[in-house]
């Protein structure tokens with residue numbers, strides 16, 4: 001039986017949103033080893049869950065024999081992508097961009113096999129930062145219509161609030177990336193999120209005009225909830241893939257607590273479980289769906305943080321759900337025993353554990369029934385915290401429905 005084309009796999013799992021030439025792309029992916037690329041601008045010191053979809057696509061493609069190029073946007077980040085933003089990005093130094101890029105590379109190596117040229121990591125600073133501007137305008141700019149560029153969503157969204165000429169160059173730079181990768185590595189496809197559609201088309205068009213060659217593009221669904229909101233937002237901000245920014249426990253808990261309606265989609269997009277199992281787990285109802293959430297949380301945590309961290313996170317989460325005391329892997333704060341000398345209140349303990357930013361936030365949470373100390377729901381705003389509240393020098397605070405925190409006396 002013939003192995004299924006990776007296009008079929010990506011379509012079945014719900015990745016593909018738009019294609020430049022669907023039939024041609026499917027045929028090409030079925031008959032030859034294709035080099036493709038996805039760009040990642042190092043605007044932060046870690047990749048986040050929004051990038052994870054792209055990493056999953058690259059991994060699926062590589063597993064089917066194709067060659068990924070992860071482009072680190074050391075050059076494009078100097079300008080800043082105007083897509084999906086209401087204001088101009090703050091300009092970053094070369095040193096910060098390079099430092100962020102090194103951290104991206106660590107994450108890519110967890111998912112892709114870079115041995116023997118099976119995948120490449122390339123920095124577009126290599127060709128963008130040495131460009132002669134006048135030569136670039138004459139050789140590349142001549143192929144771009146300003147009228148057409150202004151119809152692109154990424155620019156239209158910004159016209160009212162102001163679009164700088166700096167950012168207006170971004171599309172040309174990304175198109176030039178595709179052109180250079182085509183020249184250097186015979187790269188025939190560019191993939192990205194839906195917000196990159198205009199830039200991808202521009203690159204494919206440039207290759208056609210300059211080299212009289214065919215190039216293709218595909219965009220993928222953004223990770224959203226069943227209500228259409230972007231996933232991966234936590235109380236602390238983005239859900240990062242770096243364990244120093246989002247701990248494996250917090251990462252696990254995010255997926256363990258997603259809405260029932262989002263389980264099937266996340267299992268399909270964010271894990272490599274066979275679709276038969278995705279269907280089975282995604283269709284469970286009532287309390288049984290909690291098993292599916294556990295599977296999802298474990299699978300994705302294992303891929304991002306490794307088996308050991310996934311197991312520790314799962315054990316800690318199970319201990320909490322079963323009201324156990326095994327809280328070793330929970331986010332925690334150590335406080336000095338002298339903290340009890342002045343008879344601290346529960347609000348002061350919440351502040352010491354960095355669970356609230358102000359007394360008024362603490363009062364509001366308590367009044368709404370949102371704070372539990374061990375198994376006791378706190379209702380008294382002046383409740384004193386005593387050493388006897390700590391079992392074996394530990395106490396567990398629950399904030400809201402999902403946040404658990406361990407406080408230890410040192």
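Let's see how each residue does on (1) surrounded by 14 or more Cβ atoms within 10 Å (Cβ to Cβ); (2) more than 20 Å from residue 404 (Cα to Cα); (3) at pLDDT below 90; (4) not assigned by TED's automatic domain parsing to the domain that holds residue 60:
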site	(1), (2), (3), (4)
252	yes, no, no, yes
258	yes, no, yes, yes
266	yes, yes, no, yes
269	yes, yes, no, yes
281	yes, yes, no, yes
288	no, yes, yes, yes
302	yes, yes, no, yes
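So, residue 241, is that one in contact (Cβ under 8 Å) with a residue 40 or more places away in the chain, under 23 Å from residue 26 (Cα atoms) and either surrounded by fewer than 21 Cβ atoms within 10 Å (Cβ to Cβ) or outside the structural domain of residue 100 (by TED's automatic domain parsing) (or both) or not? So residue 241 fails the test. Do you know which of the residues in region 182-218 that are part of a strand (DSSP E or B) and modelled with pLDDT of 95 or more is surrounded by the most Cβ atoms within 10 Å (Cβ to Cβ)? Here the answer is 190.
Residues checked against (1) at pLDDT below 75; (2) surrounded by 12 or more Cβ atoms within 10 Å (Cβ to Cβ); (3) not assigned by TED's automatic domain parsing to the domain that holds residue 112:
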site	(1), (2), (3)
310	no, yes, yes
327	yes, yes, yes
338	no, no, yes
342	no, no, yes
345	no, yes, yes
369	no, no, yes
379	no, no, yes
393	yes, yes, yes
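A count restricted to region 217-256 and to residues that are in contact with a helix residue (DSSP H, G or I) (Cβ under 7 Å, 6 or more places away or on another chain) and over 29 Å from residue 197 (Cβ atoms) stands at 7.
Looking across region 358-382, just one residue is within 20 Å of residue 330 (Cα to Cα), without any contact (Cβ under 8 Å) to a residue 24 or more places away in the chain and either in a loop (DSSP other than H, G, I, E, B) or touching a helix residue (DSSP H, G or I) at 6+ places or on another chain (Cβ under 7 Å) (or both), and that is 374. Within region 219-234, the set of residues being touching a strand residue (DSSP E or B) at 6+ places or on another chain (Cβ under 7 Å), exposed (fewer than 15 other Cβ atoms within 10 Å of the Cβ) and at pLDDT below 85 comprises 230 only. Residue 281 falls short on exactly one of the conditions (1) within 17 Å of the chain's Cα centre (by Cα); (2) not in a loop (DSSP other than H, G, I, E, B), and that condition is (1). Close contacts from region 316-343, counting a first residue that is on the phi > 0 side of the Ramachandran plot and a second that is part of a loop (DSSP other than H, G, I, E, B) and at pLDDT below 80, with Cβ to Cβ under 8 Å and a gap of 6+ residues or different chains, come to 323/375.
The values are calculated or read from the model by the stated rules, or taken from the named source; none is laboratory data. Given the structure is predicted, the values throughout are model-derived calculations rather than measurements. Here Cβ is always computed from backbone atoms with ideal geometry, including for glycine, and neighbour counts include all displayed protein chains.
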